[in-house]
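The values are calculated or read from the model by the stated rules, or taken from the named source; none is laboratory data. Remember, it's a predicted structure, so these values are computed and weren't measured experimentally. In this analysis, Cβ positions are derived from the backbone assuming ideal geometry, glycine residues included, and neighbour counts consider all displayed protein chains.
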Amino acid sequence: MPTLSADNNGSYGGSLINEKYSPLRSITIAAGDKDFYVNLFDERIKTLTRQNIFPTKLTLITSGLPAPDTFTSTPIVVISSNRAEWMKSLFDNADTKNRKARITGYNDPATFSEGIIPWYAPWRSQKILYIVVHSAEYGYYKKLLAGYVNVYVVGWQFPATEGGLGPAGFGASRFAALELIKYLKYQRAWAVDDNVVNINGFPNTAATIEGLMTADFAGIGFSAATNNDVLVNVYKDSTFTTLDFDFSKQKAGLLQQVVLWNVDYLKSRNLTFSPYFVTSNEDVSLSNYLQAFNYTQRIIKGLSIIKMQPTNDTKNQGALQLAGIRTRFQKLLYNLEKNTQISINGTKAKNLSEVVTETILPNAQNKGGGLNVRKKQAYERTTQSMAIEQVLAESVSKKWAPPKTFNPYVEFAAGSMVEQRAG
């Protein structure tokens, strides 16, 4: 019987971004094991479909949206969770700076003179900003952030099953954000992580990059940040000078952290982020899919993303509610996949759940020490899901993902897949 085969990543649990979501390394996929990997995908998809978790009708909750000029405007959409207070402090920095001296563009050398400002803040971008959050956190984010000019908070929600079991995670969040942009009929959109504070070498206005996007491009990205900078390093590492580059020489790669998406391109091909990636690899998997099927995309290597270490909210009760939803969701996946056989470091194959508790976590940088039983179990479930999703993302490169993985629309309930609700 085929088994997963990989090495343990002893750096898992570290602070670098490629350590936080990667319990495995050197994943080996045998050419003859296609059915095994397809079944891993299918079982996750079928289970979520049977549970009526996803996909189904998506509800977008707002207190009002602008009427966009969809032919000329390119908005920014940010997904976020448990960081409303931190984002507000950075928006306040932007407001203070702009009142003292208007920000002149992305290369204004005084941008951070009153404190760090997010790259996506309307004061810098001169764009409409949509902050997309789970419905549980919508009220808190709206209260703290919706009062700023050109900032719109949108909650997303799928009908939960009995017992409150509903979708959560990175894939569903990014799926919802992209559906919002499609619903508003934008043709292009920037998707940005909520802790991005700069892109070194970026032109003074985003229009320069947007002008590079042609009809046959899926997306344009940049060199990803490898870690989240502490405050002092954000100041030290950020630059505000445009870098010249030859776009024709840029190559395909991993679209993550900051991406200019060709929404029309994705929409015409029924492509989107896969909601079946829950804890990680939602961006890796889509990038792998685009490259495997030769969809055109580019990474501008000379332009590098700077991310800042954020802080979590202290009064966001919705974040606690969402944590409960996430826990129930991950328990379902844990029980579904815990007996998946894996050979780690060339040893005899065991259940993945055993490998997580006996090998991966004891050798990780973050071993989970000091956690109570409930949090330790949650850490084990998250690690197991990340391992599965690493393998699934790798198999996407082999063109082994079932068609509905990145095209789940056929599963939606009859009628419009998106509805708007006042909130």
Filter result (over 25 Å from Ala168 (Cα atoms) and among the hydrophobic types (A, V, I, L, M, F, W, C)) within segment 320-354: Ile342, Ile344, Ala349
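Hey, among Asn195, Asn204, Asn200, which residue is at pLDDT 95 or above, surrounded by fewer than 17 Cβ atoms within 10 Å (Cβ to Cβ) and closer than 21 Å to Ile103 by Cβ?
Exactly one residue qualifies, and that residue is Asn204.
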Pick from segment 300-318 the residues that are more than 20 Å from Asn228 (Cβ to Cβ) and either of a type in the set (S, T, N, Q) or touching a strand residue (DSSP E or B) at 6+ places or on another chain (Cβ under 9 Å) (or both): which of them is surrounded by the fewest Cβ atoms within 10 Å (Cβ to Cβ)? Gln317
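Among the listed residues Ala215, Ala191, Ala225, identify the single one that is of a type in the set (A, V, I, L, M), in the same structural domain as Trp123 (by TED's automatic domain parsing) and either out of contact with any strand residue (DSSP E or B) (no Cβ under 9 Å at 6 or more places or on another chain) or part of a strand (DSSP E or B) (or both). Don't jump to the end; show me each part of the working.
Details: Ala215 fails: either out of contact with any strand residue (DSSP E or B) (no Cβ under 9 Å at 6 or more places or on another chain) or part of a strand (DSSP E or B) (or both); Ala225 fails: either out of contact with any strand residue (DSSP E or B) (no Cβ under 9 Å at 6 or more places or on another chain) or part of a strand (DSSP E or B) (or both).
None of the other options fit; the residue is Ala191.
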Pairs, please: C-beta under 8 Å, at least 6 apart or cross-chain, first residue touching a residue at least 60 places away in the same chain (Cβ under 8 Å) and surrounded by 17 or more Cβ atoms within 10 Å (Cβ to Cβ) and in segment 19-45, second basic (Lys, Arg) and part of a helix (DSSP H, G or I)? Ile45/Lys404
Output yes when any residue across segment 119-132 is touching a helix residue (DSSP H, G or I) at 6+ places or on another chain (Cβ under 6 Å), hydrophobic (A, V, I, L, M, F, W, C), part of a loop (DSSP other than H, G, I, E, B) and free of Cβ contacts under 8 Å to residues at least 40 places away in the same chain, and no when none is. yes
The residue that is modelled with the lowest pLDDT, considering only those in segment 390-411 that are farther than 13 Å from Asn270 by Cα and in a loop (DSSP other than H, G, I, E, B), is Pro402
Hey, Asp108 out of contact with any Lys or Arg (no Cβ under 7 Å at 6 or more places or on another chain) and closer than 15 Å to Ala206 by Cβ or not: yes
Filtered residues of segment 31-65 (kept if touching a strand residue (DSSP E or B) at 6+ places or on another chain (Cβ under 8 Å) and among the hydrophobic types (A, V, I, L, M, F, W, C)): Leu58, Leu60, Ile61, Leu65
Just to confirm my filter: which strands (runs of 3 or more DSSP E) fall fully inside segment 23-106 and include at least 2 residues that are closer than 30 Å to Ser125 by Cβ, at pLDDT below 95 and under 22 Å from the mean Cα position of the chain (by Cα)? 58-62
Starting from segment 223-239, keep only residues that are of a type in the set (A, V, I, L, M, F, W, C), then list their pairs with residues that are assigned to a helix (DSSP H, G or I) and surrounded by 15 or more Cβ atoms within 10 Å (Cβ to Cβ) whose Cβ atoms are within a distance under 8 Å, requiring at least 6 positions of separation or different chains. Ala224/Ile17; Ala225/Ile17
With the structure loaded, tell me whether Ser343 is among the hydroxyl-bearing types (Ser, Thr, Tyr) and closer than 30 Å to Pro403 by Cβ or whether it fails that test. yes
For segment 352-402, what are the residues that are touching a helix residue (DSSP H, G or I) at 6+ places or on another chain (Cβ under 6 Å), among the polar types (S, T, N, Q) and within 17 Å of Ala292 (Cα to Cα)? Ser395, Ser397
